[in-house]
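Taking it in order: structure first as structure tokens, then the write-up.
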Amino acid sequence: MRSGHTSLENRRADHQITLRLLGFVLASITLHAAVLLSQQTADGASETTLTTMQVTFDSISAIAAPLEATQ
């Protein structure tokens with residue numbers, strides 16, 4: 001004689017797992033959407049300001065340093 005779960009019990013357990021998984025997915029989507037929406041500004045523009053830095057390179061002349069001979 002075989003003991004264990006019947007096919008009806010297996011279906012019920014699978015259904016409960018599926019519903020729980022669906023609940024976690026919906027909760028994750030809701031939390032991610034809330035985080036993304038909270039980071040946007042009212043007009044959609046970024047609040048960070050851009051800073052421009054200007055650098056000018058002049059020619060560098062070689063500095064001649066006497067090499068000391070190792071003795």
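What the table shows:
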read-out: 14 Å beta-carbon shell around Ile17, net charge (K/R +1, D/E -1); value: +1
read-out: With all protein chains modelled, accessible area of Leu36 [1.4 Å, Å²]; value: 110
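The values are calculated or read from the model by the stated rules, or taken from the named source; none is laboratory data. Because the structure is predicted, anything quoted here is derived from the model rather than measured. FYI the Cβ positions are ideal-geometry reconstructions off the backbone, even for glycines, and counts take in every protein chain you see. When the accessible area is computed, the model is the full protein with side chains, heavy atoms only, and any ligands, DNA or RNA have been set aside. Shrake-Rupley method; radii C 1.70, N 1.55, O 1.52, S 1.80 Å.
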